[in-house]
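Since the structure comes first, as structure tokens, the remarks are kept for the end.
The values are calculated or read from the model by the stated rules, or taken from the named source; none is laboratory data. All values reported here derive from a predicted model rather than from experimental measurement. Quick reminder, even Gly has a Cβ in these numbers, built from the backbone with ideal geometry, and neighbours come from all protein chains shown. These area figures cover heavy atoms from the full protein model, side chains too; ligands, DNA and RNA do not enter into them. Shrake-Rupley method; radii C 1.70, N 1.55, O 1.52, S 1.80 Å.
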Amino acid sequence: EAQVTQNPRYLITVTGKKLTVTCSQNMNHEYMSWYRQDPGLGLRQIYYSMNVEVTDKGDVPEGYKVSRKEKRNFPLILESPSPNQTSLYFCASSWWGQPQHFGDGTRLSIL
Amino acid sequence: QKEVEQNSGPLSVPEGAIASLNCTYSDRGSQSFFWYRQYSGKSPELIMFIYSNGDKEDGRFTAQLNKASQYVSLLIRDSQPSDSATYLCAVNMGTGGFKTIFGAGTRLFVKA
């Protein structure tokens, strides 16, 4: 089954404790992306990757890091999380220019 | 001006009516346009995509694109209560079209 898998689905943590949200896709897509969704603001792109070892900033990259060492994986790293990063996060993948397939989301709470 | 703008709604239509959702975008070079539906607490799912000026129909859904006026719309015919959701307009922008900008979404309520 074609899918984008994010883990964890829910996480409550504390300010400053490094965390990683994993994302994996099994469709051999070149393009992968991370978004955060906040009430009234819609989906905002954090980082995207056009292929292995090729990443670029979206609209809200501050406080986040990504890496793309393998085509299927695109982890999102918060090295020093802060409460303003409390949000619902989505990973997505696609062929370039094509509709994106989204993961089920990760609800992150930072206290 | 936001890069992709949608009316936040809510838009309320009776069952069986046509729902019309609109979206405008700022980047004239944009090439790819998408409509996603999102139920509360769920991930977005694709409804329609369109790349060329004009209309594209798929079942009860029609996407319309007008690049000269920089707007894209979604029509839902014979609206059903199950269509009640938030509809997100998305546009691929930037050099190479790799950057995706979403509108804030329009909430649609279909009344039985």
Apart from one, (1) part of a loop (DSSP other than H, G, I, E, B); (2) at pLDDT below 95 all hold for A:Met50; the odd one out is (1)
Over region A:87-111, the set of residues over 11 Å from the mean Cα position of the chain (by Cα), farther than 14 Å from B:Phe34 by Cα and not in a loop (DSSP other than H, G, I, E, B) is A:Ser87, A:Arg107, A:Leu108, A:Ser109, A:Ile110
Counting only strands (runs of 3 or more DSSP E) wholly inside region B:1-55, the ones holding at least 3 residues that are not aliphatic (A, V, I, L, M) are B:19-25, B:32-38
Scan region B:67-88 and tell me whether some residue there is assigned to a helix (DSSP H, G or I) and within 30 Å of A:Val54 (Cβ to Cβ). no
Those residues of region B:93-112 which are modelled with pLDDT under 90 and either crowded, with 21+ Cβ neighbours inside 10 Å or part of a strand (DSSP E or B) (or both) amount to B:Met93, B:Lys99, B:Thr100
Among A:Asn28, A:Asn7, the single one that is within 22 Å of B:Lys42 (Cα to Cα) and open to solvent by 60 Å² or more (accessible area, probe 1.4 Å) is A:Asn7
Out of (1) within 14 Å of A:Thr22 (Cβ to Cβ); (2) within 13 Å of chain B (Cβ to nearest Cβ), the one A:Ser94 does not meet is (1)
Just one listed residue, out of B:Leu75, B:Leu46, B:Leu88, is within 11 Å of another protein chain (Cβ to nearest Cβ) and surrounded by fewer than 20 Cβ atoms within 10 Å (Cβ to Cβ), and it is B:Leu46
Requested in this report: Evaluate region A:41-63: report whether one residue or more is in contact (Cβ under 8 Å) with a residue 12 or more places away in the chain, away from chain B (no Cβ under 14 Å) and open to solvent by less than 40 Å² (accessible area, probe 1.4 Å).
Outcome: no
The number of residues in region B:16-42 that are over 15 Å from B:Ile101 (Cα atoms), open to solvent by less than 50 Å² (accessible area, probe 1.4 Å) and at pLDDT below 95 is 0
